[in-house]
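Q: After the structure tokens below, expect a handful of questions from me.
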Amino acid sequence: MENQAALTRNRVDQLVQRLRGSRSVLALTGAGISAESGLPTFRGAGGLWRTHRVEELASFEGFWRNPALVWSWYNERKAAHRRARPNAGHAALAQLEKRFGDFTLCTQNVDSLHFAAGSRNVLELHGHLREARCTHCGARRELGESGLPLDEIDHPCGGRMRPNIVWFGEPLLQATWRQAEAAASRAEVILVIGTSAVVYPAAALATRYNRSAYVAEINPEETAISERIDCVLRGTAAEVLPRIVEALSPI
Ligand SMILES: NC(=O)c1ccc[n+]([C@@H]2O[C@H](COP(=O)([O-])OP(=O)(O)OC[C@H]3O[C@@H](n4cnc5c(N)ncnc54)[C@H](O)[C@@H]3O)[C@@H](O)[C@H]2O)c1
Ligand SMILES: [Zn+2]
């Protein structure tokens, strides 16, 4: 344990050295950063919702087959988002943004917690759960505290209201994705936090756009990219990110 702690300290120091010499930083976050806010991650123990696989719930086909089931799931998630508060990991990323001239936060999360923590330059790669939009005419409506009433799924135009998020098999919003690619290409340090790094194209931001960036992962578990990157910090987001901010601050 002592060795592990010393190793992590050394690695935090190395990362902080790199950050000190950098102007441009990209952070990529996934469900793990919100785990300590009480929101479950997708894969692993909490990866099933009442015997339905998340992939079935998070696809256009699944939605069209059973929109009430899919909305029941998102309405529960929406209610959980409303109860959740940003944790020390979200807060540390908001602090980092203030410190760098060029800091882009790309998130795969739809829970809005980065905004709640004060981050501003946030690219929500998979959309967000603040709104629903019509599958046919594109009309949008804000989602209330408990989401969308199930008897309001059908839109008068003949379409159906769906969550304003990107599902499996759907393309990312072009403008958002282009900004993310550009930020990844110019980043000198890339922080990959709380993502299993298996959902593409988001995961590609970590390793594919920039061969010279220093890539660091913050995750208590090994992931698909752990072996290919420069710095692995095995710990939770709320533990490790504040240590980085603290070490970076002038004494
Ligand atoms: N739309 C949907 O409903 C749905 C369903 C499944 C996946 N997806 C998409 O897949 C994307 C990718 O999945 P993902 O990588 O975000 O989630 P994930 O559940 O695949 O991975 C979560 C990661 O967080 C790590 N983790 C757990 N607790 C942590 C903590 N306290 N601090 C830091 N890391 C911690 C885990 O070890 C794991 O590697 C999702 O963001 C989502 O957009 C969407
Ligand atoms: Zn419509």
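Q: So what is the relative contact order for the chain, in percent, with contacts set as C-alpha pairs under 8 Å and at least six apart?
A: Here the relative contact order equals 25 percent.
Q: Let me ask something else about it. For segment 127-251, how big is the tail of P(r) above 21 Å, as a whole percent of Cα pairs?
A: 56 percent
Q: Quick one: net charge around residue 112, please, counting Lys, Arg +1 and Asp, Glu -1 for every other residue with C-beta under 15 Å from its C-beta.
A: +2
Q: Continuing with this model, one more query. Only helical DSSP H runs with n ≥ 4 go in: add -39500 (n - 2.57) per run for the chain, normalise by residue count and round the 222 nm mean residue ellipticity to 500 deg cm²/dmol.
A: Mean residue ellipticity, 222 nm, calculated: -11000 deg cm²/dmol.
Q: Also, quick follow-up: Accessible area per residue for the chain in Å², computed with a 1.4 Å probe and the full protein assembly in place, what is it?
A: I get 49 Å² per residue for the chain.
Q: Taking 7 Å along the Cα-to-C-beta vector as the label spot, tell me the residue 61-residue 175 distance in nanometres, rounded to one decimal.
A: 3.1 nm
Q: For segment 148-241, run through the chymotrypsin sites (Phe, Trp or Tyr not before Pro) and keep only the ones in DSSP coil with at most 11 other Cβ atoms within 10 Å of their Cβ.
A: Within segment 148-241, no chymotrypsin sites (Phe, Trp or Tyr not before Pro) qualify (loop, at most 11 other Cβ atoms within 10 Å).
Q: Report the normalised scattering of the chain as log10 I(q)/I(0) at q = 0.07, 0.13 Å⁻¹, calculated by the Debye formula with identical scatterers on the alpha carbons.
A: -0.25, -0.81
Q: At a 1.4 Å probe radius, carbon and sulfur cover how many percent of the accessible area of segment 168-251?
A: 52 percent
Q: Under 16 Å from a point 7 Å along the Cα-to-Cβ line of residue 98: which residues of segment 209-247 have their amide N that close?
A: Label zone hits: 242-247.
The values are calculated or read from the model by the stated rules, or taken from the named source; none is laboratory data. Just so you know, these numbers come straight off a predicted model, no measurement behind them. Using ideal geometry, Cβ is built from the backbone for each residue, glycine included, and neighbour counts are taken over all protein chains shown. Note: areas computed on protein heavy atoms with side chains; ligands, DNA, RNA excluded. Shrake-Rupley method; radii C 1.70, N 1.55, O 1.52, S 1.80 Å.
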